[in-house]
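The values are calculated or read from the model by the stated rules, or taken from the named source; none is laboratory data. Remember, it's a predicted structure, so these values are computed and weren't measured experimentally. Every residue, glycine as well, gets a Cβ built from its backbone with ideal geometry; the counts of neighbours run over all protein chains shown.
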Amino acid sequence: MANTVFPLATVASTPTTFGRLATIPNSTNVYKVLVELGAGTYTTTCISSTNATVYFMSGTTQIATGTTVSGTLTTNLASAVDNVIVTINTGTNIELTFTQTKIILPSSAPSGTLYTITSSQNFSARGKAWVALLGGGQGGNGGTPSQTSGGNGGASGKVFSGVISLTEDVAISIGAGGNGGTRNSSTANAGNAGGDTTVGNLATSANGSAAAGGSGTTETSNLRTGRPGNLSAGHGFAWITNLGGPAGNGLTGSGGASSFNYAVGATGGTGASGLIGAGGTGGWDGVPANNATGLGGGGGGGGTNNGTFNNTNMTYLNASGGNGTQGIAYIVVI
């Protein structure tokens, strides 16, 4: 924080529909905003052309700090604050809004800045960090040559939660979704595995667990249906995202299996649906498998013994598995 003369200039905050609003007069002073914020997750916003550095305080004790990026900062507060110290790098009369997006936090939750990362990049924050990592989902298997079994759905991305220490810049890699497997004249190829989401060599989704894809079919009154996908593990920390629901709620899902071929009323199994992603539905005779949606989902299993053969690429039409989708990283740095 820049040196300044104490006591600090004081700014009052006013209520808005969803939070509190304060106006920061200029970039040459440090301002103390009188605002009471209960424990929870907050989004601090200002115009994108200004960077606001915010210190959340309980009396004279710092609870958390962070700087807006493109006008936004997300912060977890494990305990209430009664004032906020703010500096801005440019501008005058900059409006700063504090909006609460999640209210209830367990007592063990840290206070810090939440980063939601969806693309591979270098990461320069320092400090103790809580992470929840989701890898890319697997592509569904190609349809089997047999008329008596369906192609398996792709597994969901692996989920890992843990605590790390950031002492230097690290490369964050977001796992890509795997492509669905194909089926040639006699062989069903497995879908490609999804990539791992990693934070340098400190944490990786490879150490987590994935939900297996749907496998095989069920038959009721001669109606054959591919088995559904399964729900992945939860994100581990109830406070790390604004997803809603307990931390044990599954993040994403695996793909459903395809059904038997040539069955009256045959349908593919549905993909499991999680908080941020879902598996694809399996295919059946002449109907292609669906790709996963959202994040970390597994593709649906490819259709079974379809009779339409493509002599150009030597695969059966609509017998490929659906594609998986990419992963994500949630990081809270304190």
Requested in this report: Looking only at the stretch 113-126, decide whether some residue is outside any strand (DSSP E or B) and farther than 21 Å from V170 by Cα.
Outcome: no
Report task. Can you work out which of the residues in the stretch 217-234 that are part of a loop (DSSP other than H, G, I, E, B) and at pLDDT below 75 is surrounded by the fewest Cβ atoms within 10 Å (Cβ to Cβ)? Result -> S221
Query raised in the report: Do you know which residues across the stretch 28-49 are of a type outside the set (D, E, K, R) and assigned to a strand (DSSP E or B)?
Result: Y31, V33, L34, V35, L37, G40, T41, Y42, T43, T44, T45
Query raised in the report: Are any of the residues in the stretch 80-98 hydroxyl-bearing (S, T, Y), modelled with pLDDT under 90 and assigned to a strand (DSSP E or B)?
Result: no
Requested in this report: Mind listing whichever residues of the stretch 50-66 are of a type in the set (S, T, Y) and either touching a strand residue (DSSP E or B) at 6+ places or on another chain (Cβ under 6 Å) or in a strand (DSSP E or B) (or both)?
Outcome: T50, T53, Y55, S58, T61, T65
Query raised in the report: Do we have any residue at all in the stretch 162-183 that's under 18 Å from the mean Cα position of the chain (by Cα) and modelled with pLDDT under 95?
Result: yes
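Every residue, every condition in (1) surrounded by fewer than 22 Cβ atoms within 10 Å (Cβ to Cβ); (2) not in a loop (DSSP other than H, G, I, E, B), yes or no:
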residue	(1), (2)
G151	no, no
G175	no, no
G178	no, no
G181	no, no
A190	yes, no
G194	no, no
A206	yes, yes
G214	no, no
Query raised in the report: Tell me, which residue of the stretch 251-282 that is surrounded by fewer than 23 Cβ atoms within 10 Å (Cβ to Cβ) and outside any loop (DSSP other than H, G, I, E, B) is modelled with the lowest pLDDT?
Result: T267
Query - Cβ pairs under 7 Å, 6+ apart, first in the stretch 207-235 and closer than 19 Å to N323 by Cβ, second part of a loop (DSSP other than H, G, I, E, B) and at pLDDT below 75 - result: G226/G150
